[in-house]
Amino acid sequence: MSGLYPQALISYEKAIGLERENTRAWYSKCLVLVALNRSQEALACFDQVIALDPQCSVARYGKNLTLQYLKDLNSTGKEDI
């Protein structure tokens with residue numbers, strides 16, 4: 001795991017703190033959470049993006065991919081980190 005992801009997460013959280021409806025920052029945070037294997041948090045983040053912008057197809061796609069990933073993990077008996 002790259003050391004840049006935790007710093008990126010902090011940056012996106014700061015951006016969201018300044019502008020709660022910044023869908024780009026929320027979506028970018030989702031991607032970082034996925035990269036960090038924090039899938040459950042990423043799902044909640046994708047839900048936030050969708051709540052802010054119901055037409056955001058990339059957030060819906062990201063959420064569906066993350067759900068599929070978790071389903072695949074569960075079927076193989078592995079756990080998400």
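What follows draws every value from the coordinates through simple rules; no lab data is involved. In this text, all values refer to a predicted model and were calculated from it rather than measured experimentally. Note that each Cβ is placed from the backbone with ideal geometry, even for glycine, and that neighbours are counted across all protein chains shown.
Just a few scattered comments:
- Among residues of the range 52-81, those that are out of contact with any Ser or Thr (no Cβ under 7 Å at 6 or more places or on another chain), more than 15 Å from Arg24 (Cβ to Cβ) and surrounded by fewer than 16 Cβ atoms within 10 Å (Cβ to Cβ), counted: 17
- Enumeration of residues in the range 1-26 that are polar (S, T, N, Q) and surrounded by 16 or more Cβ atoms within 10 Å (Cβ to Cβ): Asn22, Thr23
- Between Tyr27, Tyr69, the distinction of being in contact with a helix residue (DSSP H, G or I) (Cβ under 6 Å, 6 or more places away or on another chain) and hydroxyl-bearing (Ser, Thr, Tyr) belongs to Tyr27 only.
- In the set (1) within 17 Å of Tyr12 (Cβ to Cβ); (2) over 11 Å from the mean Cα position of the chain (by Cα); (3) not aliphatic (A, V, I, L, M), Thr76 fails one condition alone, (1).
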